[in-house]
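The values are calculated or read from the model by the stated rules, or taken from the named source; none is laboratory data. In this text, all values refer to a predicted model and were calculated from it rather than measured experimentally. Glycine also receives a Cβ, built like all others from the backbone with ideal geometry; neighbour counts cover every protein chain displayed.
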Amino acid sequence: MTENFPRSAAPTHSDARLSHDPASHGDADLRTRLIHAGSPALRDGSGPVNVPVVRTSTVRFADSAAQHRLQAQRGAGDRVATYGRHGLDTHAALESAITTLEGGYRTLLAPSGLSAITLVFLALLKPGDHALVSDSVYAPVRKVDQVLLARQGITVEYFTPGRDALAGALRPQTRLVYLESPGSLLYEVLDLPALAAQARERDVVVAVDNTWGAGLYHQPLALGANLSIQAATKYLAGHSDVMMGSVTADSADLFGRIAATHDALGLSVGADDAYLTLRGIRTLDVRLSRHQVNATDVAHHLAQHPDVAQVFYPPLPQDPGHALWRRDFSGANGLLTFSFAQRDPRAASVFVDALRYFSIGASWGGYESLALEAAPQRLAEHTGWAGGRSAVRLHVGLEHPADLIADLEQAFAAVRERLRLSA
């Protein structure tokens, strides 16, 4: 049984000159606006449905006056290109569409989700600064801390929202509160409005990894965050063939700070990848709806399974974050994690190896189903993890749910048989 709570999107503040958007009126549903956001303008009475793929390393100018004028416009913050690295029509269209999705001011693109995260930390923090990070974040964030931030004299402290009081953890040197909701692996849902309000009282920037909700089902900026980050590799592109990240800011001032570091780092994405991600956004609503239907069926089946100790999926009424999910989200995706009733540490690997429709893979967000043994060291980073059991993360794809459930059943049978033989 699927719960879905459609809501109207917050109005976008993106520059209307970037795209022809016939559904940009405030009373249009977000799903309608996503079909049209970033569409190419008609010229001489006609034009293509999809924005063209514009590839270039060099931008030509009619004359020196045009070059100086456009460079001045770019320096003032306008979305104009004076060099290929800045991106042209295809990039601008994708930026506009993601800004519409997130309900923000403007968006920057990055080569991956992790590069988008790193961009935010480097743009906002300097030696001596302090950042608070929720302990359930995407695990490579800790590598950014250990490899880059610590070396620059930036202190990162991990806390557990809901247990640790944010107000008491904020320091005079705190410049950033970085959150992920739901969290990675166990999908802890945070009380984002409360956390954001406490941080804003101290003028601390709040950034949120919004990849799980994809902007369609969760809008952190409307709930008080300043920055929304996505691994567009996942649901925005949606077909496991693109690496892409995005950062959407809620104001011109904050966007300018991020953009300056983005330019200094030389970050750029290919026009073909921008095109594929924009194409993925057009079907985001229908894909996510099906992921949710399938994952909910699988989650309910697992929740009643004798070989399962616990299912981590916020739409389940028994999930600890269910009430916050119902309040702040309008839907769910295909990700869930379950732990085994058996305490044998081999259960997860035997189970994953036995699957047929679920491939073994570390990413998610594509049309296909994936399974991954949850690494014990990563689970241990989550304060809410009790430990002692092995666990598997599933990305439930677009296959028929009955086939996926049958696949899971035969994998459970394989685990029981292996454990019986080794007893």
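Among the conditions (1) buried (at least 20 other Cβ atoms within 10 Å of the Cβ); (2) modelled with pLDDT of 95 or more; (3) on the phi < 0 side of the Ramachandran plot, G365 misses just one, which is (3).
Restricting attention to segment 226-252, the residues being part of a loop (DSSP other than H, G, I, E, B), small (G, A, S) and either more than 9 Å from the chain's Cα centre (by Cα) or modelled with pLDDT under 95 (or both) number 4. Based on what the data block shows, is L398 in contact with a helix residue (DSSP H, G or I) (Cβ under 6 Å, 6 or more places away or on another chain), within 20 Å of V242 (Cα to Cα) and not β-branched (V, I, T)? When the stated conditions are applied, L398 passes them. Filtering segment 132-181 to residues that are of a type in the set (A, V, I, L, M, F, W, C) and closer than 15 Å to L195 by Cα leaves L132, V133, F159, A165, L166, A167, A169, L170, L176, V177, L179. Comparison of A93, A41 shows that the only residue that is at pLDDT 75 or above and assigned by TED's automatic domain parsing to the domain that holds L265 is A93. Within segment 221-241, identify whether any single residue is farther than 23 Å from V311 by Cβ, among the charged types (D, E, K, R) and either in contact with a Lys or Arg (Cβ under 8 Å, 6 or more places away or on another chain) or surrounded by fewer than 23 Cβ atoms within 10 Å (Cβ to Cβ) (or both), and answer yes or no. Yes: one or more hits.
Considering only residues in segment 128-157 that are surrounded by 19 or more Cβ atoms within 10 Å (Cβ to Cβ) and small (G, A, S), the one that is farthest from the chain's Cα centre (by Cα) turns out to be A131.
For the criterion of being surrounded by 17 or more Cβ atoms within 10 Å (Cβ to Cβ) and either outside the structural domain of L221 (by TED's automatic domain parsing) or of a type outside the set (F, W, Y) (or both), D307 passes. Among the residues of segment 326-362, those that are more than 14 Å from Q310 (Cβ to Cβ) and of a type in the set (K, R) comprise R326, R327, R346, R356. Do we find that L195 is buried (at least 24 other Cβ atoms within 10 Å of the Cβ) and either without any contact (Cβ under 8 Å) to a residue 12 or more places away in the chain or in a helix (DSSP H, G or I) (or both) in this structure? The answer is yes for L195. Among helices (runs of 4 or more DSSP H) entirely within segment 40-127, having at least 2 residues that are touching a helix residue (DSSP H, G or I) at 6+ places or on another chain (Cβ under 7 Å) and surrounded by 12 or more Cβ atoms within 10 Å (Cβ to Cβ) singles out 89-102, 113-124.
Output yes when any residue across segment 268-289 is over 21 Å from the mean Cα position of the chain (by Cα) and in contact (Cβ under 8 Å) with a residue 40 or more places away in the chain, and no when none is. No, segment 268-289 has no match at all.
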